[in-house]
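Laboratory data are not the source of any read-out in this text; all were calculated from the coordinates shown. All figures in this text were calculated on a predicted structure; none of them were measured in a lab. Cβ placement follows ideal geometry from the backbone for every residue including glycine, while neighbour counts extend to all protein chains displayed.
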Amino acid sequence: MKKLNKNTLYQIAFLVLFLLAINIISSNFYRRFDLTADKRYTLSEHTLELLENIEEPLFVDVFLEGNFPSDIKRLQQETKQLLEEFKAYNSNIHFQFVNPLAEEGDKNALIEAFYEKGMTPINMTVEDKGKQSQEIVFPWAIAYSGEKDTKIPLLKNMMGASTEEKVISSVQHLEYAFANAIATVTKEKSKKVVVLKGNGQPEDVFIGDALKQIRDNYYIAPFTLDSVSKSPEKVLKQLQGYDLAIMIKPTERFSDEEKLVLDQYVMSGGKMLWLMDMVSIEMDSLYNETGSSLAYPKDLNLNDLFFKYGVRINPFLIKDIMATPISLATGAEGSATQYTQFPWFYSPMIYPSSKHPIVANLDGLKFEFTNPIDTLKNGIQKTVLLQSSKYSKAIGTPIEVSLEMVSERPEPTDFENSGLLPVSVLLEGNFKSAFQNRVLPFKTEAFKESSVTTKMIFVSDGDVIKNQLDKNYQPLELGYDKWTNTYYGNKEFLLNCVNYLLDDSGLINIRSKEVNLPLLDKEKVYQNYSLAQWITIGVPILIVLFFGVVFLYLRKRIYGK
């Protein structure tokens, strides 16, 4: 017995020393292990860099707390695990899960407050013991540090997708959503974006949501080219102070002086985002007594500029069977007005097929009266980001466009060997000036014939950035169609373009990260219900019994003597 007690004391002492050693080592050497196949809990380098630079307390309020269906609970769990991972890397991050409806008060006023902040709640059906009830879910979070705050969408809007599919896509974008929010509230703005004006561009209210989103991370300002005729060199010098220039759907012809300013801006390393329409036609122009309007080519005097850079935007309209719907009033006169959705073949639904980070994992985009882009050989690297479906073709202009087209039922055979027309192209490299070996419209000693390495993106639809307006003439969310209550991926595409052009590739790479969530095959589970019950309930019990028997057997052998 003395020998046994002595051995026991030795074992206890060894165990205590071992645990102390483990604690000392773990406190000095930090390491977490991600055993998932898709490495969903392995944070990207850019996220880790953002976390390391958080020096002030950063708070995150997540409004995913309550009685939710299983799909939303999964989103809640994934969000909590990601935030725990963030906190493990930086203790300045504090988060809490809040149920907005838990406190007593006027719930309608609370819901209205969320609406006003742009955080739209959703209604979910919850089943409990055979009973169904409606629950309001707030799939949003707010991050704030100091005087800065930003909202974080947790559930993506996807066309025609089930809640389960939305959750899968949302989990893939969680790291990007939170990393972008952290960058917004912790990083100081450094890059400058300019929105070019003066050539018939749309009013700010029609691009208000895009401007607001860009302003969260970058300085942004309007810039007019009107004074080019008086002091072109001064205008050029001012423009060169910006990192990115965005040209949005001009409708008026550019002078040669304005073209030279834009050209030399590119030659000095400036980035350009061209959102262009080469055909004059608007959807609003069709809502008249005849229901039709003439579509004709625009003369913007930019073709030679684009040709030199390596693209040509053709003055054609793309007609695509893969179309987005429009809502039109139907029914006989005098009866109650009814609205029916019809496919609008001049408004293609563009599904990204490229794996480029700008468009990876994007939902479908809505284009309207878009034009095909040709790429030309000139030594510039070109990447087609977006293209129409294989069931599309280019229609020459001028042409009369009529709402009666909704009654057409085109056959796929009508589009053979004519589809896959590029509508967005990325250009990267050293560009040659369009004014090389030409008489300059104004004298400048700083003229450059070629650029440093730079990049630009062409999109052959200026409406891709336009938002609709609510009843108070305020901008709605970019990509939301109030007539069909559908969300498109236009906003994400635009922000990705801006991030990429401004070399903010870290956020782009996070966004293209793929997470594979294993899902149960409900059909197979139903067919093998008894087997599934046995595996999920019986096997764990057998494992516990097996270890219990083994433990008792070993105990008897050791202490039975």
If each part is reduced to its alpha-carbon centroid, segment 287-360 and segment 398-414 end up apart, in Å, by 12
Please list, in chain and number order, the residues 5+ apart from G419 or on another chain whose amide H is under 5 Å from its amide H, with Hs placed from the backbone.
-> S392
Does anyone have the angle between helix 539-559 and the longest principal axis of the chain? Alpha-carbon axes, 0 to 90°, nearest 10?
-> 40
Shape call for segment 344-419, from the Cα gyration tensor axes a ≥ b ≥ c (a/c under 1.5 means rounded, otherwise prolate when a/b beats b/c, else oblate), comes out prolate
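With a ≥ b ≥ c the root eigenvalues of the C-alpha gyration tensor of segment 40-82, is it rounded (a/c under 1.5), prolate (a/b larger than b/c) or oblate?
On the way: a/c = 5.50, a/b = 1.77, b/c = 3.10.
Since a/c reaches 1.5 but b/c is at least a/b, the shape of segment 40-82 is classed as oblate.
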Tell me the GluC sites (Glu not before Pro) within segment 58-123 that lie in a loop according to DSSP and have at most 12 other beta-carbon atoms within 10 Å.
-> E103, E104
Along segment 480-487, what does the Karplus equation 6.51 cos²θ - 1.76 cosθ + 1.60 (θ = phi - 60°) give for ³J(HN,Hα), rounded to whole Hz, x for Gly and Pro?
-> 9, 9, 5, 6, 10, 6, 10, 9
Going by average Cβ neighbours within 10 Å, how do the peptides 439-447, 474-482, 274-282 rank, with the highest at the top?
-> 274-282, 474-482, 439-447
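What does the helix-only formula give at 222 nm for the chain: each DSSP H stretch with n ≥ 4 adding -39500 (n - 2.57), the total divided by the residues, and the result rounded to the nearest 500 deg cm²/dmol? Numbers along the way, then the final one.
Details: 15 runs with 174 residues, N = 561.
About -9500 deg cm²/dmol.
Starting from 0.36 nm per residue, how many nanometres of slack lie between N67 and T484 once their C-alpha separation is accounted for? If you can, show how the numbers build up before the last one.
Working: separation 417, 0.36 × 417 = 150.12 nm, distance 3.00 nm.
Fully extending the segment from N67 to T484 adds 147.1 nm.
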By average Cβ neighbour count within 10 Å, what is the ranking of 170-176, 532-538, 430-436 from highest down?
-> 170-176, 430-436, 532-538
Excluding L427 itself, calculate the net charge of residues whose Cβ lies under 9 Å from the Cβ of L427, where each Lys or Arg counts +1 and each Asp or Glu counts -1.
-> +1
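Apply 1/(1 + (r/R0)^6) to the Cβ-Cβ distance of L9 and Q533, taking R0 = 45 Å, and write down the FRET efficiency to the nearest 0.05. Please list the in-between numbers first.
Details: r = 48 Å, r/R0 = 1.07.
My answer for the efficiency is 0.40.
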Computed label-point distance, nm, for sites E400 and L20 using a 7 Å Cα→Cβ extension | 9.6
Rounded to two decimals, the Debye log10 I(q)/I(0) of the chain (Cα scatterers, no solvent) at q = 0.08, 0.10, 0.13 Å⁻¹ is -0.68, -0.98, -1.45
Between Y115 and S227, the FRET efficiency computed from the C-beta separation at R0 = 41 Å comes out, to the nearest 0.05, as 0.45
To the nearest 10 degrees, the tilt of helix 2-28 (Cα long axis) against the first principal axis of the alpha carbons of the chain is 10
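From the square roots a ≥ b ≥ c of the eigenvalues of the alpha-carbon gyration tensor of segment 157-296, which class results: rounded (a/c under 1.5), prolate (a/b over b/c), or oblate?
Working: a/c = 2.82, a/b = 1.19, b/c = 2.36.
Because a/c hits 1.5 or more and a/b fails to exceed b/c, segment 157-296 counts as oblate.
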Placed amide H near W344: partners under 5 Å, 5+ positions off or other chain | T324, I326
Enumerate the calculated ³J(HN,Hα) couplings along segment 270-283 in order (Karplus 6.51 cos²θ - 1.76 cosθ + 1.60, θ = phi - 60°), each rounded to whole Hz, writing x wherever the residue is Gly or Pro.
-> x, 8, 10, 10, 9, 10, 10, 10, 9, 10, 8, 6, 10, 5
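Could you work out the relative contact order of the chain, using alpha carbon pairs under 8 angstrom and six or more residues apart, expressed as a whole percent? It would help to have the intermediate numbers written out before the result.
Values: 967 pairs, mean separation 75.2, N = 561.
Taking the mean separation of contacting Cα pairs over the length of the chain, I get 13 percent.
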Relative to the longest principal Cα axis of the chain, at what angle does helix 256-267 sit, 0 to 90 degrees, rounded to 10?
-> 30
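With both partners inside the chain, how many of the DSSP beta bridges are antiparallel, as a percent to the nearest 5? Let's see the in-between values first.
Working: 57 of 80 bridges.
So the antiparallel bridges in the chain amount to around 70 percent.
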Length released on extending from T340 to E147, taking residue separation times 0.36 nm less the Cα-Cα span = 64.8 nm
Too long at a 31 Å Cα-Cα cut-off: which of K192/K319; K107/K482; K212/K377; K166/K319?
-> K192/K319; K212/K377
Work out from phi, with θ = phi - 60° and the Karplus expression 6.51 cos²θ - 1.76 cosθ + 1.60, the ³J(HN,Hα) of each residue of segment 77-82, listed in order in whole Hz, and give x for Gly and Pro.
-> 5, 5, 5, 5, 5, 5
Scan around F367 for amide H atoms under 5 Å from its own, H built in the peptide plane at 1.01 Å from N, and keep only partners 5 or more places away or cross-chain.
-> I350
Label-point separation, L420 to L294 (7 Å along Cα→Cβ), nm = 3.7
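Which FRET efficiency, nearest 0.05, do K192 and T444 yield, Cβ-Cβ r, R0 25 Å?
0.65
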